[in-house]
Amino acid sequence: MNASPRQAGTPRARRRWPRVLLVCAVPLALLVVLWLVVWLALPPERVVPMVLARIGASMNLEISAEGDAASRLGAHPSFVVRNLVAREPGAERPLLQARRLLVSLPWSTIRSLGDTLDLVRIELDEPVVDVAALQHWLGTRPPGEGRLPTLSDGLRVRDGRIEGAGWRIEALRLALPRLHPDQPLRAQAAGRYVDASTRAPFDLAATLMRPASGRGFAVAGPVVPAQGDWRLPAWITLSGALHWNDGLRLLPARFGASGRYLSGDTTVPFSLGVHGPLRAHDGSWTLVPAGLALRGGGLVPVFDARGRLGLGQRLLLDLDGRIAQWPEAWPALPPPLGGSREPLALSLAYLGAPDLSDPLALRAGRDDMRFDGRLDVPALVVWGTSTLPDSLLPPLDGRLEAARIEISGAQLEGVVVEFEDDPAAAPAPPP
């Protein structure tokens, strides 16, 4: 799928560097140079506040550090700052905290007074990033192009945390062996995603073949979402071309997941593929238009659909597709519905909690049969995985219409069936 001209942007825009790295790279390099130059003339206890104040003023940040700072000369001069805190002036919440920051660089960067952005290594211990505070600060920074720094010995993050709105990533470990704008970038990231109801440990490998343009981006690895008494261990892949102008975009995104739903003694294998333009803005992700393909066994049908997907504070599903064949694990349809070879047209609509705990609307049709109703997804999972379900029918509310149904040899015409999973909670019929 090709992005429109407006989506793709101009060649100049497509080559724009990632803003977070760019905004921090130049001041960081200058900080190191200034630190080491001044360190030769002043003791560290006087150097620390002077350098942090200088770099903070250039970035419109208040930057402070506590504890003993350290500097070391040699083949690769370096400095260490402890208990680092960076926030916008007057802001209550810092956008970055770190127990320890180490930066080392070659003498060539010092001799150039920061004109070259060549560094050796960056290490961060226990960093905490506040996403809302970071986004607010980035919104105040002037736009512009720039140069990525080089890291000959890479970047290492240990025991990091990212705080979002209602979610966080904790125990984050990040390893980047090397960074160069014209060479493939490879990184390893592991940690745990946590929100009010879900925990998802992950261990992902990422590749960016062309850091300068964002081309050749791919992520792969295991993810294990868990909630209540179920787990969903899966191997996921995500690839596409990264675009940094006007927010983060992956055009197009190709997502795949292969895994198993585990609950007690129940195991349901599945495979999922999704394709479309992925966009991130203000903490929300959208995939419009989206193509989706679901495969599996047992309760999982062969389902292909197109529509819209979105994830933020709420989950959006708006899909129109078809099920190629009625799964054998589903309740058998009476004839002639059960004998039809036609695919089942299926439309799904959902806007609610990300854990699918709100009702999901669905419409289904095959030949002259139509169903329009609502489905309780968590109850459906319990029903489908139970060895002795309370009912032979899945938990749903709705209306089924069929021109003809055969039951025990008797033919019924003009059939209308009303389903009520919980009659006491069902709304009263219209007058």
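Taking a quarter of the surface of the Cα convex hull of the range 266-313, what do you get in nm²?
4.2 nm²
Collect residues whose amide H, placed 1.01 Å from N in the peptide plane, falls under 5 Å from the amide H of residue 302; neighbours closer than 5 in sequence don't count.
Result for residue 302 returns 324, 325.
What full-extension length gain, to one decimal in nm, is calculated for residue 66 and residue 153 as 0.36 nm per residue of separation minus the Cα-Cα distance?
Difference between extended and current length: 28.6 nm.
Report the gain in length on full extension from residue 83 to residue 361: 0.36 nm times residue separation, minus Cα-Cα distance, nm rounded to one decimal.
So the extension gain works out to 95.0 nm.
Explain nothing, just compute: Karplus ³J(HN,Hα) = 6.51 cos²θ - 1.76 cosθ + 1.60, θ = phi - 60°, for every residue of the range 159-169 in order, whole Hz, x for Gly and Pro.
6, x, 8, 10, 9, x, 7, x, 8, 7, 10
Take the alpha carbon gyration tensor of the range 249-403, find the square roots of its eigenvalues, order them as a ≥ b ≥ c, and report rounded if a/c is under 1.5; if not, report prolate when a/b exceeds b/c, else oblate.
Prolate.
Here, each number is a calculation from the coordinates, and none is a lab measurement. Owing to the predicted nature of the structure, the values given are computational and were not obtained by experimental measurement.
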